[in-house]
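Data block below; observations after.
Please treat every number below as a calculation from the coordinates, not as lab data. Just so it is clear, the structure is predicted and the values come from calculations on it, not from any experiment. Counting neighbours? That spans all protein chains shown, and the Cβs are built from the backbone with ideal geometry, glycine included.
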Amino acid sequence: QVQLVESGGGLVQAGDSLRLSCAASGRTFSNGGWFRQAPGKEREFVAAINLSNGSTYYADSVKGRFTISRDNAKNTVYLQMNSLKPEDSAVYYCAVRYGSRIADTRAYGNWGQGTQVTVSS
């Protein structure tokens with residue numbers, strides 16, 4: 001079993017940066033992803049990574065601003081978020097991908113508890 005713990009969220013101003021971390025314990029896994037959920041909205045895909053070959057995937061809304069990366073030695077996946085906008089405000093979750101549909105929440109499991117990101121204008 002894999003347990004995931006997110007950290008690094010906070011309150012920032014528009015244009016600022018944050019780096020989220022997703023620390024994994026238990027067995028290793030090959031594919032991970034970040035999602036976010038704002039109040040009253042569905043959980044949406046943000047970014048995904050293949051931990052073996054480093055392939056990455058992004059939602060159009062964050063492409064060019066966010067970068068997903070991994071440190072296999074630390075069993076940690078990161079999400080570097082630059083040029084943050086108020087619409088990026090949400091609870092950010094990391095998860096393990098088991099299915100083939102990269103942007104589909106149903107392909108993921110072992111969700112962390114989430115970390116709040118709030119971007120003020």
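Some notes on this structure:
- In this label model, ARG101 and ASN50 are separated by 2.1 nm, measuring between points 7 Å along each Cα→Cβ vector.
- Overall, the stretch 1-61 carries a charge dipole of about 160 debye about its Cα centre when +1 sits on the Cβ of Lys and Arg and -1 on the Cβ of Asp and Glu, all other atoms neutral.
- About its Cα centre, the chain has a charge dipole of approximately 260 debye under the convention of +1 per Lys or Arg Cβ and -1 per Asp or Glu Cβ, with nothing else charged.
- In the chain, a dipole from Cβ-located charges (positive for Lys and Arg, negative for Asp and Glu) runs towards its positive end, and of ILE68, GLN13, LEU84 it is ILE68 whose Cα lies farthest in that direction.
- Once the chain from GLU42 to ARG19 is taken as fully extended at 0.36 nm per residue, the excess over their C-alpha distance is 6.0 nm.
- Seen from ALA14, the other residues with C-beta closer than 11 Å to its C-beta sum to a net charge of -2, counting Lys and Arg as +1 and Asp and Glu as -1.
- Packing here is the average count of other Cβ atoms within 10 Å per residue, and on that basis the peptides 61-68, 23-30, highest first, run 61-68, 23-30.
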